[in-house]
Structures are given as C-alpha cells and as structure tokens.
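S.K.: My structure is below; once you've seen it, I'll send some questions.
Just so it is clear, none of the values below were taken in a lab; they were calculated from the coordinates. Predicted model only: the values in this text are computed from it and were never measured. All Cβ positions, even for glycine, are placed from backbone atoms using ideal geometry, and neighbour counts span all protein chains on display.
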Amino acid sequence: MHYALALLLVVVCQSAAADQIRITTTQDWNRWQRPGDALSVENGTLRPGFIRRDINAVANAVRFGGGIHGVGSNPTRAGNLIDGDRTTYWAPDPSAPLEDWWIEIDLGRAVSAQRIELQFIEGSAPLEFFRILTSDGEPFFNNANSVIPGSLRYNKSTSYSFNTENTVVIDFEKKPLQYIRIEADRIQSDPDIRLGEVSVQSIGDNISLGIWERGGGVSIVSEVGSTFGRELVESVGISNTLVDGDITTYWGTVHRGGSGAQPEQQFGQFELDLGALFWVDTVRMLGDGSGIAPGRGAGYHRGGTFNYLWYQFYTSDGSRSVDGSLRWELMGELPSDPRNLQGIVHFEEHFPLRKVRHVRLFFPMSNGIQAFNGRIGTTAEWQVFGYGHPAEAVAVSPLFDLQSVQHITALHWDVDTPSGARLEIRSRTGNALQETYVFYDKNGKAVTQKRYDKLIPSFRGAIDTLRTPGADWSTWSRPYDTSGQLFLSPAPRRYVQLELRFVSEKPLASAALNELRIEYNQPLAQTTRAEIFPPRSEPGQTGNFTYYLRAEIASSSRGFDQIQIVSSAGLSFESLRIDGQTQAVESASIEQGILLRLTEPVRRSALVEIDFQSTLFLNQTRFDAYLYNSALGPQVRQPVDPGDADERIDSSVTFVALPSNDRLLDNLTLSSPALTPNGDGIHDEVILSFDLLKIIDPRPVELTVYDLAGRRVVTASETSVSAGRISLRWDGRTPGGQLVSPGTYILGIRVRGDAYERVQHRIVTVVY
C-alpha cells in the first residue's frame, strides 16, 4: 500500500498535565488514508465495510452514477420507483399520449442479474399490456462501425398481455444488465396504475468496482515471458476496462504477429489487486462483445473475437515467498477445447469462501504456435463476489505535527472487538519531512514540472505540496497490546503517524474503533544518544561493558532521575558516572534488566557512563535504555536513541555482536564421567550443561544415548528451548524405568537451527 500522504495535521495543544491528539469524530477519521469502501465511518466510528450477497442493484444505483435514466410523463414521481419504499409509486399520466407511458432505470454499472421484479401497489391496477426492455449498455454503430455517441440499444424485450398480476418477475440467469425500460403498449381503461418498486436481484456487491479507490490495481500483460522481447504491460487506461462496470469497454488484442505460425507460443495474463483482503468465493469474467461492432463492413467484428482456449485461475492472500513474489494457489482450470473460444461468453470460478487479495488468470494467446486470426482474450468485465467484512483492511493517519519535539507518553483507544476480530495499532515517528511537488495544468491534469514550466501562465494550474516521512523516521512499531500502553516508537519526536489494521478471522466479525488518543508532553531530555562498548563479545562468557548515554537538556526539558536498562541477556550493575564523576546510585533488579535511581535529577546536558556485566548467548543482543522522572510517575518513560554518545568510543550501537560462525552450542560439560544409579544420592544422574547460542525462538534439543557400536539405546530427553545456559539430565534408565546394562555409553546433544543442525558427544560410564 502507498503511504505517501499530502495531509499534514497540525495539532492544537491545550494547557494540561499532558497534551493530547484526539481522533473521535467523522471529520477526524476522514483525514485518514483509507482503502475505499473496505473501511467506513459512521457517527464517529471507524469500522470495516460489509460485502453482501443477493443485493438489489437498484437500491444503490445512484452511488454508481445511475438512477432514473428517463421518463415519459409524471417525472416528479419517477424517483419513487427506486427509493426502496413500496408505499410510494410512479404512475404514467392518464392524460398523456401512449408514447409517454414509459420510464427507464440505469443501474450505473453492469451487474450479473438473477431476477428483475416489478411490484405494483396492492389495490391499484397493474399495467395490462406492456413491455420490459433490457440492455447491458450496448450502443448503436454507424455504417463505418463506429459507436453512435449517446445511443443505447435495448437488446432484449419481454412482452406482457392481459396482465393482472401485481408482481411481475423475469428470470435473468446472471446475464449482464444495466438499463431497464418499462413501456405500455396500450392505453387501458383503468388509469389507476401505481408502480411501486423495480428491483434487480444480483449476485452481490462487486468487489472489483472499488479497486482503484482502495489503492489496488489491474495489470494486463500480453505475450508473457516472450523470448523475443515482445512482452507488453498494458496502460492503466486499458487495464481499467476490466473493472469499470461498463460492459461496452473491453480488452482484447489484435494479434501483433498476424495470422499463421508464430516464432513461439504466446500467453496473456490478468492480475487484479483488490486493495484489501476480502472473503471471496466467486469470480466472473464476462466476454460480451457489446462494445464491438456487429459483423458487417470492414474491420474486426464480434464474429472475429475469441475468449479463452484454456486458462488457469489463481488467488493469493498477499503472502510472499522467500524471493518476495506473491504466493499463488491454483483455484480453477478451464480444459483446452476449441469450442471455448466462442461457445462460452461468461466464465465463472466458484470456490469455498477464502481470504483473497489478488486474483490472476493465465491464458494462451495462440494455439501452440498458431495465431488466432482475430481478437484474442476478449474480456469486457471482471466481477469479484464474496461475503462478510474484509479479512484485513489498513488505515493510515495523517502526519501529526506536534509543532516542536515532544515526548510521546502513551496511546489510548476505545474499540469493540467481538470474537474472531481484532485491531492492530502501530506507530512511527520522526523529525524530518520530505517535500515533493505535483504540478497540474489548467484542466486539473497532472503534468511533469518540465511540461508545467513550458506552459504559458494562463494554461498553468495549481501546484500541490506532498509531504512524506523523511530519512530519520522509525519503522512501524510492533502492535500495541492494551489501551494506555506506553508509546512504543522512538521519542521525543516532532511528527507521529499511526497505522490501523482491522483483521476479521470470521466473515461476520469486525472491530469498531470509536476513539484514539495520543498523550504527549515536554521531553525529559531534548535529545539522547547511546552506545555500548565493547560492541563484540565471546558467547557464554561473562563480560564487562559500559553503556554511554549522552543527554542534551534544554530549558523546557523536565530532567530525569531514573535510568532503566533492559536486555534479554540480563545484566549486573557495577557503577555509574556523570561527566566522569562517580555517583551514588540505588540499583534494583527488574525483569530482564536493572533500574538505577539517582540521588539528584539530571537537569543539564551530561554524559552518563554505566558499567555492568552480562553473559551473552544471542548475536546482536540489544541493551535498551529508558529515562524516568520519579515526580511524573512510571507512565512517563522516554526511550534512549542509539547513536554517537562519546566521540572517543567506536561503537554508535546499543547491541553486542557474537563472532560470525555457525556454532549453535558451546562449552559442553559433564557433571561426572561416571554414572552410579544405586540410589545413594551420589552420581545417581549425569548432568550435561552447555551454552545454546543464537536461537531466538524455542528450538528442539535432543539428548540421545548410544552404545559403543553406535546403536541408539534411548532418547533420554527431548525439549524445545531458546538461547542460554541449558542443563539436561539422564539417570541411566530407559523411559520404562529399567536400568541400562553397565558399560560405556555415548551421550549425544543435537540442536536443530533454522538452516542446519549441530551435534556434540560426550562419553559416560555406567557402573553399579
């Protein structure tokens, strides 16, 4: 997703213990970048949208630019026909001539219609003699096979005579439909005609129509992978014809190699990015030729168009392979058959409801090396259907400007999360912005700066300034766990941005976010930089380290009197100096670290040096520091940034590296070379201890006992552990509790890493 935002939100601060950014109104949420209809705002609440099945396509025709297309008489009542209220109605004017007894509805886009229904008001007189005409939007063509602008051809008509039914239904069999015309064939004696509603039941909400608004896209590639350099990525304008809701715009290439044999077999590919992760179960590919001239005169006609000889249909949820490419899953195949080319117009793939972000179609543009003599792969529209809330949709805030460098303390939110749904909130911060400019001509079309400069002043339009995060911005934080949690991104900073990820593991479950609040205040220190020395160490050996912390204090800074250092390795405090002077410090052990309490607050710029000891088992073990002011409470915590704290120290990092090698275990020791399991409490078991290195997530570690012939006697221990000092025990028995025979045995320790495994052995003698 593209995160460049032109909006920079200036926050107005209020005098209080802590200033706040509050996002709680519809206007607030409308400043965010949202993926179109995948997220919606109602009454100040941001929530995922909803994809429906079996919808009435008339009800939201206006949203797509449709509505009443025309009416012969009584136009003031025409809107009643599509207002969803069966008590309101349209009626032809009884005094009007017969040719004015008609009304037309435009659905605004082509839909796969299952049923058309006319509902006359109960107790009124239904039309007795009338026709229902339908069109997918096909225009008329002149003798030169060019479209006649503004023309509309109704290509199906159903006539009714002596009708007495108040409800009239037409089964439309999922054929494309956009326009409906109802016209009377006779003036009838009972003029009390009241047509209450016209409805069109279609498959559901067509997800493909919102692709561009969600930040998705369409890619069409002709002659995929051509070894002759003929591969062509079609323009956005051509690609858009597949998802514009207009059946008369289409993609279909006239074979560039002409007819006959070609140098190679040629293939085409469609790929759609829906712009969010949806629950999808149906995809339709419509190959109507309504936008192509019928078969007469010169040029290509509908008779010379071909759809697909065969195809392979794939979906992807957006997950990536190791090489960064999308992971695709084959969901359907059309077997090769020449009758497919023109015998099938509408292709449909139906599958169990699943998470889909991308869809892809791979198809031949030639039969072997023989070119089709006509227009290949003719496709008018793609329609994607599903059900429920989006499986995943992302919103990104504007760049909030705090007006100066501020300490961001906490993030609060109010969200409703039913079972099967969750909201992930991440943050990032920075002090620098990048500015780029977008140039427009007088018609509002974006042009290059070079083109803009060449325009005469009267032909120049506006220039927009696009502000995006600069080079010093942090990456997105890990997701926040609970409301009120301390801020996770680096601070103090001037700018802050949030990302919201709505996740629905069940189609009918969705989170609803009512409010967000960011707390901030003047920093404890204006800027901080920290580095650790030495930046390298041997694994499993206790080492001496110094943490150098440079704190720059401004007149507005609130100072600090506590320093917390945390690390997965743990540490033991030795001493602390400020500008070279040793300080009296109260040290307290905390989970994965230490908390140092100074006797006096630091209120001036200073270099703080902290000596400590630690034993490392992981490469690039981090040591993170935080500043506190006891007068402000534990919720005010300022993280310390890595950097050059002391020019005399060659480090600038706050992690310690281990030697570059493939060792996974080291320092393997045996508690005793002999095992005497006689119950006297002396050497009744043997303990193998070793350093497990470079293992972040728990990994399998196995202790196996072999005899001198190399045969496995017993697996004495099998567990999953992460890096650290590990001890495994064996009491000389099998899993069934039986003692092994006296003799010499080999103990093997096997460690499985991500890419390889390592084994070490020791010998023990069993005596009893």
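S.K.: Rank-order 222-235, 367-380 by packing density, defined as the average count of other C-beta atoms within 10 Å over each peptide's residues, highest first. Intermediate results must be reported in sequence, preceding the final value.
M.R.: On the way: 222-235: 14.5, 367-380: 19.4.
Packing proxy ranking, top to bottom: 367-380, 222-235.
S.K.: Please list, short to long, the whole-number percent of alpha-carbon pairs of the range 208-386 in consecutive 10 angstrom bins beginning at zero.
M.R.: Using 10 Å bins, I get a P(r) of 10, 37, 37, 14, 2, 0 for the range 208-386.
S.K.: Provide the convex hull volume over Cα atoms per residue for the range 56-203, in Å³. Walk me through the intermediate numbers first.
M.R.: Details: hull volume 17.1 nm³, N = 148.
With only Cα atoms used, the range 56-203 gives 116 Å³ per residue.
S.K.: Any idea what the relative contact order of the range 411-519 is, in percent, if you count C-alpha pairs under 8 Å spaced at least 6 apart? Let's see the in-between values first.
M.R.: Numbers: 207 pairs, mean separation 54.3, N = 109.
Relative contact order here is 50 percent.
S.K.: Quick one: putting +1 on the C-beta of Lys and Arg, -1 on the C-beta of Asp and Glu, what dipole do you get for the chain around its Cα centre, in Debye to the nearest 20?
M.R.: Magnitude of the dipole: close to 1160 debye.
S.K.: Still on this structure: Once amide H atoms are placed 1.01 Å from N in the peptide plane, what residues at a sequence separation of 5 or more from Lys175, or on another chain, have their amide H within under 5 Å of its amide H?
M.R.: Amide H neighbours of Lys175: Ala113.
S.K.: What's the Cα-based Rg to Rh of the chain, Rh via Kirkwood?
M.R.: 1.10
S.K.: Now for a different question. Among Ile220, Gly237, Asn307, flag the residue with its Cα farthest along the positive direction of the charge dipole of the range 175-328, charges on Cβ as +1 for Lys/Arg and -1 for Asp/Glu.
M.R.: So the residue furthest toward the plus end is Asn307.
S.K.: How much length, in nm to one decimal, is gained on full extension between Ser672 and Arg604, taken as 0.36 nm per residue of separation minus their Cα-Cα distance?
M.R.: 18.8 nm
S.K.: Sorted from largest down, what three extents in whole angstroms do the Cα atoms of the range 597-731 have along their principal axes?
M.R.: So the extents along the principal axes, rounded to whole Å, are 70, 35, 25.
S.K.: Another question, then. Quickly estimate the mean residue ellipticity at 222 nm for the chain, helices only: each DSSP H run with n ≥ 4 gives -39500 (n - 2.57), and the total goes over all residues, rounded to 500. It would help to have the intermediate numbers written out before the result.
M.R.: Working: 4 runs with 18 residues, N = 768.
So the calculated ellipticity at 222 nm is -500 deg cm²/dmol.
S.K.: Label 7 Å along Cα→Cβ of Thr87; the range 184-227 residues with amide nitrogen under 18 Å?
M.R.: Label zone hits: 194-198.
S.K.: What do the square roots of 5 times the Cα gyration tensor eigenvalues come to for the range 665-766, in whole Å, largest first, as semi-axes of the equivalent ellipsoid?
M.R.: Listed largest to smallest, the semi-axes of the range 665-766 are 24, 14, 12 Å.
S.K.: Could you go through the range 681-689 in sequence order and give the Karplus-derived ³J(HN,Hα) for each residue, using 6.51 cos²θ - 1.76 cosθ + 1.60 with θ = phi - 60°, rounded to whole Hz, and x for Gly and Pro?
M.R.: Along the range 681-689, the couplings run x, 10, 6, 6, 9, 10, 10, 9, 10 Hz.
S.K.: Now, a different point. Taking θ as phi - 60°, what are the ³J(HN,Hα) couplings along the range 639-655 by the Karplus curve (6.51, -1.76, 1.60), each to the nearest whole Hz, with x for Gly and Pro?
M.R.: x, 9, 7, x, x, 7, 7, 9, 5, 7, 9, 9, 8, 6, 10, 10, 9
S.K.: Among Thr546, Gln592, Gln485, flag the residue with its Cα farthest along the positive direction of the charge dipole of the chain, charges on Cβ as +1 for Lys/Arg and -1 for Asp/Glu.
M.R.: Thr546
S.K.: In the range 122-207, which trypsin sites (Lys or Arg not before Pro) are in a loop and have at most 14 other Cβ atoms within 10 Å, using DSSP for the loop call?
M.R.: Arg186
S.K.: Can you tell me how much longer the chain between Asp323 and Ser717 gets when fully stretched, taken as 0.36 nm per residue apart minus their C-alpha distance, in nm with one decimal?
M.R.: 138.1 nm
S.K.: Just want to confirm a number: the relative contact order over the chain, from Cα pairs under 8 angstrom separated by 6+ residues, in percent.
M.R.: Dividing the mean separation by the residue count of the chain yields 11 percent.
S.K.: Measure out, as a whole number of angstrom, how far apart the alpha-carbon centroids of the range 170-235 and the range 86-107 sit.
M.R.: If you average the Cα positions of each part, the centres end up 24 Å apart.
S.K.: What is the Cα coordinate range of the range 419-466 on the first, second and third principal axes, sorted by size from largest, in whole angstrom?
M.R.: In descending order, the Cα extents are 59, 29, 13 Å.
S.K.: Ranked from highest to lowest mean number of other Cβ atoms within 10 Å per residue, what is the order of the peptides 467-480, 733-746?
M.R.: 467-480, 733-746
S.K.: Still on this model: Under the Kirkwood approximation for Rh and a Cα-based Rg, what ratio Rg/Rh is obtained for the range 527-656?
M.R.: 0.94
S.K.: Using 18 Å as the cut-off for backbone N distance, which residues of the range 190-225 belong to the label zone defined by a point 7 Å from the Cα of Phe50 along Cα→Cβ?
M.R.: Counting only backbone N, you get 202-207.
S.K.: Take every DSSP beta bridge with both residues inside the chain and express the antiparallel ones as a percent of the total, to the nearest 5.
M.R.: Values: 222 of 230 bridges.
About 95 percent, rounded to the nearest 5.
S.K.: Using a Förster distance of 51 Å, how high is the FRET efficiency between Asn373 and Gln449, based on the Cβ-Cβ distance and rounded to 0.05?
M.R.: Efficiency for this residue pair is about 0.65.
S.K.: Which three extents, in whole angstrom, do the alpha-carbon atoms of the range 424-508 cover along their principal axes, largest first?
M.R.: Between the extreme Cα coordinates on each principal axis of the range 424-508 lie 57, 40, 16 Å.
S.K.: Any idea how far the Cα center of the range 695-754 sits from the one of the range 590-632, in Å?
M.R.: 40
S.K.: On to the next question. Given +1 on the Cβ of Lys and Arg, -1 on the Cβ of Asp and Glu, and no further charges, what dipole in debye does the range 714-768 carry about its Cα centre, rounded to the nearest 20?
M.R.: About 120 debye.
S.K.: Further, regarding this structure: Taking only C-alpha pairs under 8 Å that are 6+ residues apart, what is the relative contact order of the range 653-714 in percent? Each step should come with its number before you reach the end.
M.R.: Working: 58 pairs, mean separation 16.2, N = 62.
26 percent.
S.K.: Now a separate question. Return the FRET efficiency for the residue pair Ser568, Thr482: r is the Cβ-Cβ distance, R0 is 22 Å, and the value is rounded to the nearest 0.05.
M.R.: With R0 = 22 Å, the Cβ-Cβ based efficiency is 0.50.
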